[in-house]
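The values are calculated or read from the model by the stated rules, or taken from the named source; none is laboratory data. All of these numbers come straight from a predicted model, not from anything done at the bench. Cβ: placed from backbone, ideal geometry, glycine included. Neighbour counts: every protein chain shown. Heads up: the accessible areas ignore ligands, DNA and RNA and are worked out on the full protein's heavy atoms, side chains in. Shrake-Rupley method; radii C 1.70, N 1.55, O 1.52, S 1.80 Å.
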Amino acid sequence: MAKTLAEKILSRVSGRDARAGDLVIAPVSRVMVHDSVIDAVIAGLRDLGRDRVWDTSRVAVFVDHAAPAPTPVVADSHRVLREWVRQQGIATFYDAGEGVCHQIMVEEGYCEAGTVIVGSDSHSNSYGAVGAFGAGMGATDIAVALALGRTWLRVPESIKVTFTGRPRKGVTIKDAIMRVVREIGTDGARYACVEFHGASALPQGDRITLAGMTTEMGAKAGIVVGTPEAPDWLFPDHGAAYANEVRIDLSALEPQIAVPPRVDQVVDVSEAVGQPIDVVFLGSCTNGRLVDMRQVAATLRGRRIAPEVRLEVVPASRRQFEDAMADGTLLALSAAGGVIGSSGCGPCLGRTGGVLAGSEVCLSTANRNYRGRMGSADASIYLGSPYVAAVAALTGVIDDPRPYLEATDEELDALIARRRAERPGRGAASVRSGDRSRELMLSAARSGVAMEIDD
Amino acid sequence: MSRAWVFGDDLDTDQIVPGRYAPFMVGQDKFHLYAFCDARPGFAKEVRAGDILVGGENFGCGSSREYAVAALAKLGVGGIVAKSFARIFFRNCVNLGIPVVESDEASTLVHDADEVALDLVAGVLRSPAGDARLRPVAPFAREILDAGGVVAYLRAHGDFPKLA
């Protein structure tokens with residue numbers, strides 16, 4: 001019988017003819033653990049009566065969720081983590097500042113296509129970017145996987161998402177996946193695997209955006225079909241059964257906005273135009289890569305951000321950080337008034353690096369906008385693409401980024417001035433220190449960013 | 001008898017324990033005191049051992065944080081009955097030994113602060129307005145729950161329950 005990607009992978013690793021609905025015991029090719037849950041994982045292993053992980057070469061440990069440590073309690077937890085890593089003899093250890101676990105897992109090649117990887121983070125679905133069955137689990141499940149090298153899984157039904165066409169300038173794969181979440185809802189893919197068709201030619205970073213955000217639909221895994229990393233056997237059979245199918249024509253797609261406090265409360269940007277923004281967060285495993293930072297720098301075109309707005313830039317990994325530093329993108333973002341944070345999760349989950357106050361409104365390029373996610377429970381978080389983030393930083397409001405990308409220099413200044421004037425008085429205007437002239441900012445942006453940046 | 005705490009659809013784990021009150025932010029001995037601190041202030045003080053949470057669709061969605069479940073376990077929550085559960089949350093509850101049971105009827109039949117009793121043997125949640133029928137728990141999960149969680153199960157048996 002024809003099989004989905006999930007059925008193929010789980011059949012292969014479990015040695016059974018696995019069908020949706022079956023339970024299987026699956027060997028894992030790697031276990032990912034991060035700082036946020038390390039105490040519970042260590043306690044779980046101890047409670048299981050195990051001194052050692054099953055295979056030190058297959059364990060990857062990261063300090064990214066609250067890094068560098070914001071409080072003495074966190075610092076102490078990190079100290080315990082490092083001690084554990086040393087005692088266990090785990091070489092694949094990335095300390096504070098190296099970046100978000102998922103970005104590193106994929107870009108440094110720790111995710112083997114066609115295998116099962118479990119991680120202590122819900123966005124471990126990201127490993128489907130290269131064709132792995134990545135699933136997020138809680139600390140005790142992770143402790144069990146560390147002890148046994150195996151986990152139990154219910155073979156998921158699959159949902160087929162097919163992309164056609166090319167997005168227009170100013171529309172990104174983030175808009176595409178938000179459109180999918182809008183279609184499927186936060187629980188529409190519960191227990192399921194989301195299979196992406198028509199996405200194999202996308203850059204690896206875009207595929208991480210897709211696979212990682214399947215978590216926001218309740219999915220167990222999200223896998224891109226036909227990635228360059230996938231072995232020959234890894235394709236869904238013709239005639240495989242899907243629980244649901246969604247088709248998105250990228251060429252007709254508008255920039256999308258997720259309205260707080262739900263990730264599936266998604267509207268076309270036109271319905272959110274004028275919403276005042278106090279803080280812009282550019283980062284996370286969803287949109288913290290070089291391409292995302294370049295899109296923002298390209299949209300700013302040497303302009304400084306609105307004086308009342310804070311722009312927080314947190315590259316997803318040291319590799320992305322250094323690439324953006326080397327090509328001038330970070331200089332352009334800093335000169336524009338952005339604050340560059342060390343690579344990691346940053347304020348995405350409200351623990352470090354510019355968390356939100358009550359009544360503040362944030363435009364975030366990350367993946368969640370729940371109440372309290374980035375700090376105060378009274379803050380509001382809108383989700384959008386890096387282009388939308390750039391315009392929010394420039395003007396202090398949500399707006400359709402496309403006219404800004406098409407505008408001449410004079411038109412751009414007029415657009416920005418008009419939106420800033422319409423924005424109700426909020427926050428306080430900050431003087432930007434430093435003395436970069438517009439010419440220097442422009443040349444920095446240009447050296448990194450061709451103005452006809454890839455969309 | 002125990003008290004029912006009724007919640008709506010799509011209750012996410014940030015509502016159960018906000019990330020800023022993670023154990024490693026506030027300490028292993030305190031994080032459970034912040035359970036539902038935004039969504040239901042006073043919960044952690046008023047909840048009694050054996051109380052039952054009742055919810056709608058997709059209970060426990062969002063972050064995989066097991067400490068949301070650990071907080072409920074520490075507070076002695078005796079079970080969770082909802083229309084459906086988010087997958088990681090469901091696993092975490094099984095692993096930590098909190099009965100998680102699906103029921104289409106509970107969220108309409110049971111009101112907040114009702115006196116209820118979870119009867120897994122009879123497969124019902126008893127409430128003043130009547131019995132809400134529960135869906136059977138899968139044998140694999142049931143074996144782990146009966147042992148008091150996956151750690152206790154593995155300590156006793158050395159491996160996962162046998163698959164059918």
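I want to confirm something. Restricting to region A:221-244 and keeping residues that are among the aliphatic types (A, V, I, L, M) and surrounded by fewer than 22 Cβ atoms within 10 Å (Cβ to Cβ), which single residue is nearest to the chain's Cα centre (by Cα)? First the steps, then the outcome.
Filtering region A:221-244 for residues among the aliphatic types (A, V, I, L, M) gives A:221, A:223-225, A:230, A:234, A:240-241, A:243.
Those still in the list that are surrounded by fewer than 22 Cβ atoms within 10 Å (Cβ to Cβ) too: A:225, A:230, A:234, A:240-241, A:243.
Details: A:Val225: 19, A:Ala230: 21, A:Leu234: 25, A:Ala240: 29, A:Ala241: 29, A:Ala243: 26 Å.
That would be A:Val225.
Take region B:125-135 and flag every residue that is in a strand (DSSP E or B) and open to solvent by 70 Å² or more (accessible area, probe 1.4 Å).
Across region B:125-135, the qualifying residues are B:Arg126, B:Asp131, B:Arg133.
Within the bounds of region A:293-315, is there any residue that is open to solvent by less than 10 Å² (accessible area, probe 1.4 Å) and within 30 Å of A:Ala6 (Cα to Cα)?
No - not one qualifying residue is present in region A:293-315.
Pairs please, first residue from region B:63-76 and more than 15 Å from A:Ser36 (Cβ to Cβ), second anywhere and among the charged types (D, E, K, R) and open to solvent by 30 Å² or more (accessible area, probe 1.4 Å), Cβ atoms under 9 Å, 6+ apart in sequence or on different chains.
B:Leu75/B:Arg48; B:Gly76/B:Arg48
Given the criterion under 30 Å from A:Arg373 (Cβ atoms), out of contact with any Lys or Arg (no Cβ under 7 Å at 6 or more places or on another chain) and surrounded by 15 or more Cβ atoms within 10 Å (Cβ to Cβ), identify the matching residue among A:Gly218, A:Gly212.
Sole residue among the options that is under 30 Å from A:Arg373 (Cβ atoms), out of contact with any Lys or Arg (no Cβ under 7 Å at 6 or more places or on another chain) and surrounded by 15 or more Cβ atoms within 10 Å (Cβ to Cβ): A:Gly212.
When you scan region A:321-328, do you find a residue that is closer than 30 Å to A:His197 by Cβ and modelled with pLDDT of 95 or more, even just one?
Filtering region A:321-328 down to residues closer than 30 Å to A:His197 by Cβ leaves A:323.
Within this subset, residues satisfying the condition of being modelled with pLDDT of 95 or more are A:323.
Yes; the residues of region A:321-328 include at least one that is closer than 30 Å to A:His197 by Cβ and modelled with pLDDT of 95 or more.
Got a sec? Which of A:Gly165, A:Gly114, A:Gly134 is within 22 Å of A:Pro228 (Cβ to Cβ), small (Gly, Ala, Ser) and surrounded by 24 or more Cβ atoms within 10 Å (Cβ to Cβ)?
A:Gly134 is the lone residue from the list that is within 22 Å of A:Pro228 (Cβ to Cβ), small (Gly, Ala, Ser) and surrounded by 24 or more Cβ atoms within 10 Å (Cβ to Cβ).
Applying the selection to region A:185-206, what residues are closer than 14 Å to A:Ser158 by Cα, out of contact with any Asp or Glu (no Cβ under 6 Å at 6 or more places or on another chain) and open to solvent by less than 20 Å² (accessible area, probe 1.4 Å)?
Residues satisfying the conditions are A:Ala189, A:Cys193, A:Val194, A:Glu195, A:Phe196.
Give the residues of region A:19-65 that are at the interface with chain B (Cβ under 7 Å from one of its Cβ atoms) and at negative phi, sorted by residue number.
Scanning region A:19-65 gives A:Leu23, A:Ile25, A:Ser36, A:Val37, A:Asp39, A:Ala40, A:Gly44, A:Asp47, A:Leu48.
What is the residue count in region B:17-34 for residues that are in contact with a Leu (Cβ under 7 Å, 6 or more places away or on another chain) and closer than 25 Å to A:Asp264 by Cα?
The qualifying residues number 1.
Give A:Asp292, A:Asp237 a once-over and let me know the one that is of a type in the set (D, E, K, R) and more than 27 Å from A:Gly338 (Cβ to Cβ).
Only one candidate passes the filter, namely A:Asp237.
Output the qualifying pairs, or none if there are none: Cβ atoms under 6 angstrom, residues six or more apart or on different chains, first residue in region A:40-68 and closer than 20 Å to A:Cys345 by Cβ, second residue at pLDDT below 95 and small (Gly, Ala, Ser).
Pairs found: A:Ala40/A:Ala139; A:Val41/A:Ala139; A:His65/A:Ser36.
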